[in-house]
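The values are calculated or read from the model by the stated rules, or taken from the named source; none is laboratory data. Computed from a predicted structure; not experimentally measured. Counting neighbours? That spans all protein chains shown, and the Cβs are built from the backbone with ideal geometry, glycine included.
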Amino acid sequence: MSDVTLDLIRRSATRVDRAWLVSLSIIAVLALADAAQVMPTVQFTAEQLLNTAPYVLFAVLTVAYLKASGAETIVARAFEGREVRMIILAALFGGLAPFCSCEVIPFVAGLLALGTPLSAVMAFWLASPLMDPPAFLITAGALGWSFAVGKTVAAVGMGLMGGFAIKLATQAGWFINPLQADAVGSTCGCGPSPFSGKPVWRFWEDPARRTIFYAQAIENGLFLFKWLTLAYLLESLMITYIPAEAIAGIVGGNGLLAIMASALIGAPAYLNSYAAPPLVAGLMEQGMSAGGGMAFMVAGAVSCIPAMTAVFALVRRAVFVTYVALGFIGAVLSGVIFGTLVDLALI
């Protein structure tokens, strides 16, 4: 294992992360307020982490392989050709590509600077935070395969909806100059530009790519572990302290108002796609409907901090507001459609 990878391990071990601080604070407050509940909460969290571990391990290795092989370069090819083709491929790649949050910023900035239609970029932007390989497997582990597949379809569907909506808007004369004058890319050091290079599928033959594999596996593994730990802690507290009737009274049922309420609650929660599934599982145990759970997850993912920051940093205010509106509408529609299919026992 290289010095770069070992350095990553040391930095990850010594750096105090806010997610870990929140998790430790929860345990500390619980010890002061209700000491008898500390061990059941820790045990619940550990059991859920153990149950999810196979999904997380597979997801971590998959993403590390894609990063090391340079498979992300394929995504850039979606933004070539006719606009309709771009929108369709951008929605598909956005729902599946393993981009980290900071990579999206320079990628999209480059696309807009090159004159890529905003419609295709919006399709990618809406779909990208909703689903990727780790999120798919974690959702399947927490909520079942139907939820994971449903959210993937919702991600692609939202991308298509947003892309074609923006296409119509630009044809009507809106969003002629979407990019901010001072928009800049990220300097987080995520690697080379995804516009260049070709995938090297046999990455293990290249020492540099092996280093990328090890580093990505460690980084993603620690990232998922910390967020899932926090999510399962919150789920345990929710099940223990929040009355089921209170949840059911707000977001219970598959009616439009209940699904809209779920989306409204999910949007300001700013949850990424890794922390949301365990929380939704807890909410559904307390009375949230399947449609409400889907709306909550979709709204939270679209409005998560990295996704919102990327959009806000690059485009003009009108485009940002449109992104938020499309995200909310898509979340409600996803919840209504998914809830209806569950009620009809079609999934």
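So the values come out like this:
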item: Candidate set from segment 197-217 (those that are of a type outside the set (D, E, K, R) and surrounded by fewer than 17 Cβ atoms within 10 Å (Cβ to Cβ)); member that is farthest from LEU61 (Cα to Cα); result: GLY197
item: Segment 46-65, residues that are surrounded by 15 or more Cβ atoms within 10 Å (Cβ to Cβ) and either closer than 30 Å to ARG209 by Cα or at pLDDT 90 or above (or both); result: LEU49, THR52, TYR55, VAL56, ALA59, VAL60, LEU61, THR62, VAL63, ALA64, TYR65
item: Output for segment 298-336, where each listed residue is more than 18 Å from PRO178 (Cβ to Cβ) and surrounded by fewer than 17 Cβ atoms within 10 Å (Cβ to Cβ); result: ILE305, PRO306, ILE329
item: Members of segment 120-162 found to be surrounded by fewer than 24 Cβ atoms within 10 Å (Cβ to Cβ) and either of a type in the set (Val, Ile, Thr) or in contact with an Asp or Glu (Cβ under 6 Å, 6 or more places away or on another chain) (or both), listed by number; result: VAL149, THR152, VAL153, VAL156
item: Test: ALA295 is in a helix (DSSP H, G or I), buried (at least 17 other Cβ atoms within 10 Å of the Cβ), modelled with pLDDT of 85 or more and over 13 Å from the mean Cα position of the chain (by Cα); result: yes
item: Filter result for the condition that a residue is at pLDDT below 85 and within 21 Å of the chain's Cα centre (by Cα), over PRO106, PRO199; result: PRO106
item: Subset of segment 308-319 [in a helix (DSSP H, G or I), in contact with a Leu (Cβ under 9 Å, 6 or more places away or on another chain) and not β-branched (Val, Ile, Thr)]; result: LEU314
item: Single unsatisfied condition, LEU341 versus (1) under 16 Å from THR152 (Cα atoms); (2) assigned to a helix (DSSP H, G or I); (3) modelled with pLDDT under 75; result: (3)
item: Checking GLY249 against (1) modelled with pLDDT under 80; (2) under 18 Å from PHE147 (Cβ atoms), the condition it does not meet; result: (2)
